[in-house]
1. I'd like to check which helices (runs of 4 or more DSSP H) are fully inside segment 204-308 and have at least 1 residues that are buried (at least 20 other Cβ atoms within 10 Å of the Cβ) and among the polar types (S, T, N, Q).
2. Scan segment 319-349 residue by residue and report those that are in contact with a strand residue (DSSP E or B) (Cβ under 6 Å, 6 or more places away or on another chain) and under 28 Å from Leu9 (Cα atoms).
3. From the list Arg187, Arg196, pick out the single residue that is farther than 15 Å from Arg384 by Cα, crowded, with 17+ Cβ neighbours inside 10 Å, at pLDDT below 95 and under 25 Å from the mean Cα position of the chain (by Cα).
4. Exactly one of (1) among the polar types (S, T, N, Q); (2) within 17 Å of the chain's Cα centre (by Cα); (3) within 30 Å of Lys120 (Cβ to Cβ) is unmet by Asn264. Its number?
5. Report, ordered by the first and then the second residue, all pairs with beta carbons closer than 7 Å, sequence separation of six or more or different chains, a first member in segment 70-86 that is of a type in the set (A, V, I, L, M, F, W, C), and a second member that is in a helix (DSSP H, G or I).
6. Quick one: in segment 234-253, of everything that is modelled with pLDDT of 95 or more and touching a Lys or Arg at 6+ places or on another chain (Cβ under 8 Å), which residue is farthest from Phe385 (Cα to Cα)?
7. Report yes if some residue within segment 87-110 is touching a helix residue (DSSP H, G or I) at 6+ places or on another chain (Cβ under 6 Å), modelled with pLDDT of 75 or more, in a strand (DSSP E or B) and within 23 Å of Ala59 (Cβ to Cβ); otherwise report no.
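The values are calculated or read from the model by the stated rules, or taken from the named source; none is laboratory data. Computed from a prediction, not measured in an experiment: that's the story for all the values here. Don't worry about glycine lacking a Cβ; one is built from the backbone with ideal geometry, like all the others, and counts go over all protein chains shown.
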Amino acid sequence: MIEIRIPKLGLTMENAVVAGWHVDEGAEVCHDDLLLTIETDKLTFDIPAPAGGILMRTAAQGDVCTVEAVVGYLAGDREEYRRLRRRLPPSATVPATAVGAAPLGMGALSAPRTAGGRIKASPLARAVAAERGLDLSRIEGSGPGGRIVRADILRSADARLPASGVQPSADADTRPVLRRIPITGARRLLFESMHRSMADTAQFSLHTDADAGALQDLRGRLKDEGLQISYNAMLIKITAAALRKHPDINAGVVWGNEILVWKNVNIGLAMHIDGVLVVPVFRSADALSLRQINTRINACMRRIKRKRLSPDELTGGTFTITNLGFTDVDHFTPILRPPESAVLGVGRIVEKPVAAQGRIVVRPMVGLSLTVDHRIIDGAPAARFLHTLKQMLENPDAVLQDSDVADL
């Protein structure tokens, strides 16, 4: 008999929701067959079979379970499976490991508060509660020190109702539906964080164009040397160098009462893979070589496709880059990822006529769009940072030569 447990995917992970089973109760599975999908506050994650056997499920879809909770077993044969079924009914949540089997949010609770009287709750939990019209003081927290996290909100008995508290009728809308897309997992995270971003920040954007000729030349030279370096790796490296020259851009607000200027430059890169948008974070990007960044991007893309990205890889960012260079978009308005105060949008590289020394020439130009939180960053500092970034992109060799990292 082999236990199937909720894995600890990162230092910050506390619990997960059983999003769905991919194997029927009592079915035979082989090693590495996909068993179930779980959801955390950050992502969805597929759990494969650790060995072959007959599946006995002890947690049902929608159950919220702590890390290391037993959600099923793999029996070695039919006799062992029958013994397991006599001991424990299928799809029954294990009381010792499941979180919050009873509905929360119904009674008068005394939510833990900070010294200033503020209810202890994560920013994401606050956003989800506001969206559903829930009172945080009536929700019990399962985080450190009783802190309320997103999973606590979703477990609330009223969490699935709209803010009005009235469940809409299935027949209320007669418009034909082509397909239904559940707002779960990574899509739910994006859904909630973007809503919170626009509601809680004062965003404005600056746009400019940079000559990408030198960037193209550098990439071509590296390719001739056998190195396939992506534009995204170059963008991360150069942006990290620009942030070192403008440290006040590498800042954010976490609790609302002070601006934090972060010591490390941790750059998130928006990736849209297999219909899912995720933003893995490349920590201390300024201390990595171009080759190291490129290798980590490729490894990260493989883990995303296999749904093996850990929650810790999606947290701790201080600045984000979103690149639409693969499309016909020149400029756009990227949206902040709280608590970060700035995000860079990069458009396509396209030949355009530009004025140079009194003549009109055609050059490969790339659009740059910088969105910042005006509560934290004023227009002039944002413009100076964008100017520095433009200069560095137009002279990438100088950035690499000035870098403390010798390995490219």
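1. By residue number, 231-245, 290-305.
2. Phe319, Thr320, Ile321, Thr322, Asn323, Leu336, Arg337, Pro339, Glu340, Ser341, Ala342, Val343
3. Arg196
4. Unmet condition: (2).
5. The qualifying pairs are Ala75/Tyr81; Ala75/Leu84.
6. Met234
7. No: segment 87-110 contains no residue that is touching a helix residue (DSSP H, G or I) at 6+ places or on another chain (Cβ under 6 Å), modelled with pLDDT of 75 or more, in a strand (DSSP E or B) and within 23 Å of Ala59 (Cβ to Cβ).
For every residue, the table says whether it meets (1) of a type outside the set (S, T, N, Q); (2) surrounded by fewer than 23 Cβ atoms within 10 Å (Cβ to Cβ); (3) over 30 Å from Glu192 (Cα atoms); (4) outside the structural domain of Lys307 (by TED's automatic domain parsing).
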residue: Gly20; (1), (2), (3), (4): yes, yes, no, yes
residue: Glu25; (1), (2), (3), (4): yes, yes, yes, yes
residue: His31; (1), (2), (3), (4): yes, yes, yes, yes
residue: Leu55; (1), (2), (3), (4): yes, no, yes, yes
residue: Val67; (1), (2), (3), (4): yes, yes, no, yes
